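**Student:** Sharing a structure below in structure tokens format, with a few things to ask.
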Amino acid sequence: MGVVSSRLSRIMWVFCLRSLLREYGWRFIARVGTRHPWRTLRAVREAATLDAAVGSLEVGAAQAAARGGGALSVVGAGFCLKPLDPPCPSSRANHDCVFLESLTGRQPVGVPPACRPCLIRDIGARSLQAGAAFYVMTSARDILDDIFVPAMRQHTFGNGLFLLCRYSFTPFAVGLLASGMCGWLIPLDRGDCRDYRTWLLADRGIKNDQTAVGIAALEDVAKRLPTAASPRAIRVERRGNVLHSVLE
């Protein structure tokens, strides 16, 4: 396990150094790093010690303890979870979900065939019912603009749960901590990115595989998003690329 952890730590440094040459890297430095340099340095140091070889990963335990826990403020899931066959009616490499954006009332009605097995639909609906915002994650740049920067500047999001490839865990944790957030990272199980080239293609919206989430990871999600015995009546409102639930 120590060898695996050491390798993953090296992966994080290589990932970060490569990203400095790309738009996300310099935008992160300009919009987060220069505003909170010491917090960003601490975030890099803490992220480098995280054991991404385990299952789900808690990030920022100290921040969470200081806040006394509390409900999740945002849940994010990679667009690669969207179905391929039958294809997602909203298409894939975007923040859209035609089902969630039309979700109103207590119980969903008329679920399209492609949406029935879709985890984006299932986890998104449960997140919104629980009062958390929901976000379909696409590129690193959009995550920076839609989640990290609002969390840092307006304190829009204090904590979150994110389903993404394990390869992204430690770099993602840097952004999470540097923006003042804490939360849980849930690994994708199959079809996920395992090297920088594959990740870079997916970051551009090129992902021909549908990813999946393992049973243990789904159980971790269920712990954080318990199904309400009596679902709330909600209206879903899209603010930028993020979906928010509004009580009816």
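**Student:** For residues that are of a type in the set (Ser, Thr, Tyr) and closer than 24 Å to ARG204 by Cα, scanning just region 18-60, find the one that is modelled with the lowest pLDDT.
**Tutor:** Within region 18-60, the match that is modelled with the lowest pLDDT is SER19.
**Student:** Moving to a separate point now. Which condition number in (1) more than 15 Å from VAL213 (Cβ to Cβ); (2) more than 17 Å from the chain's Cα centre (by Cα) is the one that LEU128 fails?
**Tutor:** (2)
**Student:** Still on this structure, I have one more. Of all residues in region 158-180, how many are over 25 Å from GLN210 (Cα atoms) and more than 12 Å from the chain's Cα centre (by Cα)?
**Tutor:** 6
**Student:** Quick one: which residue in PHE172, PHE148 is buried (at least 20 other Cβ atoms within 10 Å of the Cβ), aromatic (Phe, Trp, Tyr), within 24 Å of ALA71 (Cβ to Cβ) and modelled with pLDDT of 95 or more?
**Tutor:** Just a single option satisfies the conditions, and that option is PHE148.
**Student:** Would you mind telling me which numbered condition in (1) in a helix (DSSP H, G or I); (2) under 25 Å from GLU219 (Cβ atoms); (3) in contact with a helix residue (DSSP H, G or I) (Cβ under 8 Å, 6 or more places away or on another chain) ARG141 fails?
**Tutor:** For ARG141, the failing item is (2).
Residue-by-condition table, conditions (1) assigned to a helix (DSSP H, G or I); (2) farther than 25 Å from GLY131 by Cα; (3) at pLDDT below 95:
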{"site": "GLY183", "(1), (2), (3)": "no, no, yes"}
{"site": "ILE186", "(1), (2), (3)": "no, no, no"}
{"site": "ARG194", "(1), (2), (3)": "no, yes, yes"}
{"site": "LEU201", "(1), (2), (3)": "yes, yes, yes"}
{"site": "LYS207", "(1), (2), (3)": "no, yes, yes"}
{"site": "LEU218", "(1), (2), (3)": "yes, no, yes"}
{"site": "LYS223", "(1), (2), (3)": "yes, no, yes"}
{"site": "THR227", "(1), (2), (3)": "no, no, yes"}
{"site": "PRO231", "(1), (2), (3)": "no, no, yes"}
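**Student:** Another question, then. Restricted to region 97-118, and to residues that are surrounded by fewer than 20 Cβ atoms within 10 Å (Cβ to Cβ) and touching a strand residue (DSSP E or B) at 6+ places or on another chain (Cβ under 9 Å), which residue is modelled with the lowest pLDDT?
**Tutor:** Per the stated criteria, the residue is ARG106.
The values are calculated or read from the model by the stated rules, or taken from the named source; none is laboratory data. Not measured: the values here are computed from a predicted model. Glycine gets a Cβ as well: all are built from the backbone with ideal geometry, and neighbour counts include every protein chain shown.
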